[in-house]
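Following: one structure in structure tokens, then a few remarks.
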Amino acid sequence: MTLTDVQKAYLPMSEPAYYILLSLTEARHGYGIMQHVEQLTGGRLQLGPGTLYGTLQRMEKDGIIRVVAEAERRKVYAATDAGRELLRLELERLQELVAHGAAALEVTGDR
């Protein structure tokens with residue numbers, strides 16, 4: 001499989017970028033994304049505004065998210081098909097990492 005330039009630029013994904021894009025499988029505004037990421041990670045990952053809005057701006061420019069609504073200076077974003085494909089590729093990569101790690105620990109008997 002050949003990756004596009006955009007996919008190459010994002011893979012492997014940073015944890016904040018992964019969770020931002022994952023949050024946008026449903027339409028959300030910025031603060032809603034922050035809350036969703038915090039909820040998904042049990043508070044382990046808390047996005048600052050600079051990280052969030054910088055990432056959203058880059059993702060929108062790269063066509064992996066889009067603005068689906070705008071009201072009262074609040075933009076609502078959602079993942080595009082390209083964004084969903086990027087998530088799928090990253091999930092495959094992460095599953096491979098976990099499978100290799102699990103196999104290595106089983107072979108060595110570490111638990």
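The values are calculated or read from the model by the stated rules, or taken from the named source; none is laboratory data. The shown structure was predicted, so the numbers you read here are calculated from the model rather than taken from an experiment. In this analysis, Cβ positions are derived from the backbone assuming ideal geometry, glycine residues included, and neighbour counts consider all displayed protein chains.
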Among the candidates L47, L24, L52, residue that is modelled with pLDDT of 95 or more and within 21 Å of L89 (Cα to Cα): L24
Neighbours by Cβ (under 8 Å, 6+ apart or cross-chain): first from the range 1-15, at negative phi; second modelled with pLDDT of 95 or more and outside any helix (DSSP H, G or I): L3/L11; V6/D62; V6/G63; V6/I64; A9/D62; Y10/D62; Y10/I64; E15/L45
Subset of the range 16-38 [in a loop (DSSP other than H, G, I, E, B) and without any contact (Cβ under 8 Å) to a residue 60 or more places away in the chain]: L24, E26, A27
Residue check for V6: in contact with an Asp or Glu (Cβ under 7 Å, 6 or more places away or on another chain), assigned to a helix (DSSP H, G or I), surrounded by 11 or more Cβ atoms within 10 Å (Cβ to Cβ) and of a type in the set (V, I, T): yes
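Can you name every residue in the range 20-42 that is hydrophobic (A, V, I, L, M, F, W, C) and either farther than 15 Å from A79 by Cα or surrounded by 20 or more Cβ atoms within 10 Å (Cβ to Cβ) (or both)?
Scanning the range 20-42 gives I20, L21, L24, I33, M34, V37, L40.
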Single residue of the range 88-111 satisfying the filter (over 30 Å from L3 (Cα atoms) and part of a helix (DSSP H, G or I)) that is modelled with the lowest pLDDT: T108
Failed criterion for M1 (all others in (1) loosely packed, with under 13 Cβ neighbours inside 10 Å; (2) part of a helix (DSSP H, G or I); (3) modelled with pLDDT under 95 hold): (2)
